[in-house]
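Below: one structure, written as structure tokens.
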Amino acid sequence: MCGIIGYVGNRNAPDVIIQGLRYLEYRGYDSSGIAVWSGEKFDLVKTKGRIADLEKELLKTPVSGHLAIGHTRWATHGCPADRNAHPFVSYNSRFAVVHNGIIENYLEIKDELQKKGVVFTSETDSEVIAHLLESLDHGDVKRAVLDATARLKGAYAIGIICADDPDVLYAVRKDNPLVVGVTESDGFICSDINSIQKFLTEVVVLENGQVAKVERGRVELFDFDGNDVEAKFIALGSLEESDRKDFECYMDKEIKEIPTALANAIATYRNGAFNRIDKKYLRRIRRINVVACGTALHAGLYGERMIKKYLKKIDVTSEAASEFRYGDPKVDDRTLTITVSQSGETADTLVCQNMVRNLGGKTLTICNVETSSMVRSSDYALFTSAGPEVAVASTKAYNCQCLVFLLFVLDLARLRGEIDEFAYKNLQADIDALPEIAARTLKVAPQVARFANKNYTRKSVFYIGRGLDYCTAMEGSLKLKEISYIHCEAYPAGELKHGTLALIEEGVLVIALVTQKELVTKSASGLEEVKSRGANVLAITPFYDRPAIAAVSDYRIKLPDVNEDLYPIISVIPTQLLAYYIARAKGCDIDKPRNLAKSVTVE
Ligand code: F6R
């Protein structure tokens, strides 16, 4: 949430900042802005809206210089508006600041500063940082940064430039991601390596509680007490970039990439990713907590069911990270907490990961970003290998999260002697076929598009499913509401009759996932109940021709045959396509849905 970037060097700083902000836009797109040191003052250009809007403003008000910071905002405190856009410049115009995170004690600091006569121009928490720095500066900028940091409570990544130090960028990290890098003639700070990687061969990923002073060719790191810390550079060689190419949007591209992503995940596993995990410990595990948010949580719920099925001697729970933290979780040295995350930066999940480690438990993260905070602070990591995911709505990462979770469960079951070799090998063979089956499933796209074009005006949609299908129902429902803004709920198919059935009436669309053989008859009766109350039913199922399903569905999307345990990885594809085509028919901004951001770095 919110992207920050800073540049000092021989290039024209605004050009570097704008290029970087385009990459960072996934982190929030409520407003954006740039502050450039002109040699005499900070030139400030900021506006509500997208980076494209900022670029238009810059055409009207060109700025140039060798030192600049930029920001793209996901609003927390204060509505999306010009006045709440970053950067903020301090009352005597000597500091300019960009911030990602939340300053929890900002009202207290604001009150103190206001009593001293400081006038605030925004409703944000972030503006206090600029004024606080100015009020604490007595001629030593580094000291002012450290003193300000000592006052701030909350989670933050901050970029700071100062008129008195016009060849230096300062960066502070507490709980939100921050990366710095240099060449002989450049210095960079940013929230995400992708925004600067093309200029660099190596970067330093700041740890929590670190301050960086960045100049051309030089990085100095300090802890919050001002003590020197060694800067550890990591090579950037293998980072991938994502180019939208001829696809209509990133979501379209990323759905079409599912077969390749699954193939990559299978190949990564083959190359022995699991071998890095301590086998002795894996044999001792008694409990697994699965913790994640949103789409990643749905993958975690699938993982939980697989653990229940294949690891009978392990107790398992799964919970939204934002709740897990406050639920007095059971953690001991035989508890493994598995976090699932595309970005590896989600604050709620990251906090849980750190919390269980403090309680003496071990952590494994199933994550898509190898350089992320979650990977770096977890005991073990399994990479989903889905490749960069740019659209805010997660698609291919979800398929890979489910797959990698399953691979882990099967390997663990094998290691602990809980699955026989024959069953294990059979499942592996079925897994090997997944990329091809996913490719076949994608062929339903034209049919789904036609359905979407006829149904995009629906006001109320329900996704239902039993057993494993309920996980997919939740994911399908989240995707639809997230990008098409249609009110949609996911329900266990058997639960509707316990209250929610009252909402079923003519005009409501019920989408049923029916992939589990044993549950077909029960699912059919559930569908009968909604149909007889006026709902239209779309069934997503391999049991296309079963009279029980045909009789109760108005529309059907046929799934290919696959091992039942693997259906969530495949049956979610039509739901991803449906969300995409409905959002497209409605003219929504598919890759950047309103109110959201790709990386949720606030709790
Ligand atoms: C929905 C979506 C979100 C994320 C959630 C967690 O399409 O992408 O629900 O899944 O914010 O993000 P990560 O996976 O980065 O931890």
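The values are calculated or read from the model by the stated rules, or taken from the named source; none is laboratory data. Predicted model only: the values in this text are computed from it and were never measured. Backbone-built Cβ (ideal geometry, glycine too); neighbour counts: all protein chains shown. Just so you know, the surface numbers come from the protein's heavy atoms only, side chains and all, with ligands and any DNA or RNA stripped out. Shrake-Rupley method; radii C 1.70, N 1.55, O 1.52, S 1.80 Å.
Of all residues in region 348-359, none are outside any helix (DSSP H, G or I) and open to solvent by less than 40 Å² (accessible area, probe 1.4 Å). Evaluating Glu323 against the criteria (1) within 19 Å of Gly303 (Cα to Cα); (2) more than 16 Å from the ligand (Cβ to nearest atom); (3) among the acidic types (Asp, Glu) leaves one unmet condition, (2).
Scanning region 509-539 for residues that are touching a residue at least 12 places away in the same chain (Cβ under 8 Å), among the small types (Gly, Ala, Ser) and not in a loop (DSSP other than H, G, I, E, B) yields a total of 5. Considering only region 98-117, I want to know if a residue exists there that is open to solvent by 30 Å² or more (accessible area, probe 1.4 Å), more than 20 Å from Tyr156 (Cβ to Cβ), acidic (Asp, Glu) and not in a loop (DSSP other than H, G, I, E, B). No, the conditions are met nowhere in region 98-117.
Residues checked against (1) under 25 Å from Thr295 (Cα atoms); (2) hydroxyl-bearing (Ser, Thr, Tyr):
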position: Ile437; (1), (2): yes, no
position: Val444; (1), (2): yes, no
position: Thr457; (1), (2): yes, yes
position: Ile486; (1), (2): yes, no
position: Glu505; (1), (2): no, no
position: Lys531; (1), (2): no, no
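Determine whether region 512-520 contains at least one residue that is open to solvent by less than 10 Å² (accessible area, probe 1.4 Å), in contact with a Pro (Cβ under 8 Å, 6 or more places away or on another chain) and at pLDDT 95 or above. Scanning region 512-520, I find at least one residue that is open to solvent by less than 10 Å² (accessible area, probe 1.4 Å), in contact with a Pro (Cβ under 8 Å, 6 or more places away or on another chain) and at pLDDT 95 or above, so the answer is yes. Of everything listed in (1) away from the ligand (no atom under 16 Å from the Cβ); (2) open to solvent by 10 Å² or more (accessible area, probe 1.4 Å); (3) at pLDDT 95 or above; (4) among the acidic types (Asp, Glu), the single unmet condition for Glu482 is (1).
Here Leu406 clears all of (1) within 13 Å of the ligand (Cβ to nearest atom); (2) of a type in the set (A, V, I, L, M); (3) out of contact with any Ser or Thr (no Cβ under 6 Å at 6 or more places or on another chain) except the condition numbered (1).
Here is a check on your reading of the model: is Glu506 open to solvent by 10 Å² or more (accessible area, probe 1.4 Å), away from the ligand (no atom under 16 Å from the Cβ), without any contact (Cβ under 8 Å) to a residue 40 or more places away in the chain and on the phi < 0 side of the Ramachandran plot?
So Glu506 passes the test.
Restricting attention to region 352-373, which residues are under 18 Å from Arg27 (Cβ atoms) and modelled with pLDDT of 95 or more?
Once the filter is applied, which keeps residues that are under 18 Å from Arg27 (Cβ atoms) and modelled with pLDDT of 95 or more, region 352-373 yields Cys367, Asn368.
Conditions (1) assigned by TED's automatic domain parsing to the domain that holds Ala265; (2) farther than 30 Å from Leu364 by Cα, marked per residue:
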| site | (1), (2) |
| --- | --- |
| Gln401 | yes, no |
| Leu406 | yes, no |
| Val409 | yes, no |
| Asp420 | yes, no |
| Ala438 | no, no |
| Ala449 | no, yes |
| Asn455 | no, yes |
| Gly465 | no, no |
| Glu482 | no, no |
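One residue stands out among those in region 285-317 that are assigned to a strand (DSSP E or B) and open to solvent by 30 Å² or more (accessible area, probe 1.4 Å): the one that is farthest from the ligand (Cβ to nearest atom), which is Asp315. Only one entry in Arg143, Arg94 is surrounded by fewer than 23 Cβ atoms within 10 Å (Cβ to Cβ) and within 18 Å of Gly70 (Cα to Cα), namely Arg94.
It is to be established whether one or more residues within region 199-219 are among the acidic types (Asp, Glu) and touching a Leu at 6+ places or on another chain (Cβ under 7 Å). Checked region 199-219: at least one residue is among the acidic types (Asp, Glu) and touching a Leu at 6+ places or on another chain (Cβ under 7 Å).
When region 582-603 is examined, which residues are found to be open to solvent by 20 Å² or more (accessible area, probe 1.4 Å) and not hydrophobic (A, V, I, L, M, F, W, C)? Within region 582-603, Arg584, Lys586, Gly587, Asp589, Asp591, Lys592, Arg594, Asn595, Lys598, Glu603 qualify.
With a requirement of 2 or more residues that are in contact with a Pro (Cβ under 8 Å, 6 or more places away or on another chain), the strands (runs of 3 or more DSSP E) lying completely within region 1-75 that satisfy it span 31-37, 42-48, 67-73. Looking at Thr337, is it hydroxyl-bearing (Ser, Thr, Tyr) and away from the ligand (no atom under 13 Å from the Cβ)? Considered against the rule, which asks whether it is hydroxyl-bearing (Ser, Thr, Tyr) and away from the ligand (no atom under 13 Å from the Cβ), Thr337 comes out as yes.
Would you confirm whether any residue within region 184-192 is within 24 Å of the chain's Cα centre (by Cα), among the acidic types (Asp, Glu) and outside any strand (DSSP E or B)?
Scanning region 184-192, I find at least one residue that is within 24 Å of the chain's Cα centre (by Cα), among the acidic types (Asp, Glu) and outside any strand (DSSP E or B), so the answer is yes.
Does any residue of region 389-399 turn out to be more than 30 Å from Arg244 (Cβ to Cβ) and either away from the ligand (no atom under 12 Å from the Cβ) or of a type in the set (Phe, Trp, Tyr) (or both)? No: region 389-399 contains no residue that is more than 30 Å from Arg244 (Cβ to Cβ) and either away from the ligand (no atom under 12 Å from the Cβ) or of a type in the set (Phe, Trp, Tyr) (or both).
Could you check region 556-591 and list, in sequence order, the residues that are in a loop (DSSP other than H, G, I, E, B), in contact (Cβ under 8 Å) with a residue 24 or more places away in the chain, under 22 Å from the mean Cα position of the chain (by Cα) and more than 12 Å from the ligand (Cβ to nearest atom)? Hit for region 556-591 is Cys588, nothing else.
In the set Val409, Val448, Val404, only one residue is touching a Pro at 6+ places or on another chain (Cβ under 6 Å), buried (at least 20 other Cβ atoms within 10 Å of the Cβ) and in contact (Cβ under 8 Å) with a residue 40 or more places away in the chain; that residue is Val448. Could you list, in sequence order, the residues of region 27-45 that are surrounded by fewer than 24 Cβ atoms within 10 Å (Cβ to Cβ) and within 21 Å of Asp192 (Cα to Cα)? Passing the criteria: only Asp30.
The residues in region 63-82 that are modelled with pLDDT of 95 or more and open to solvent by 50 Å² or more (accessible area, probe 1.4 Å) can be counted, and the count is 2.
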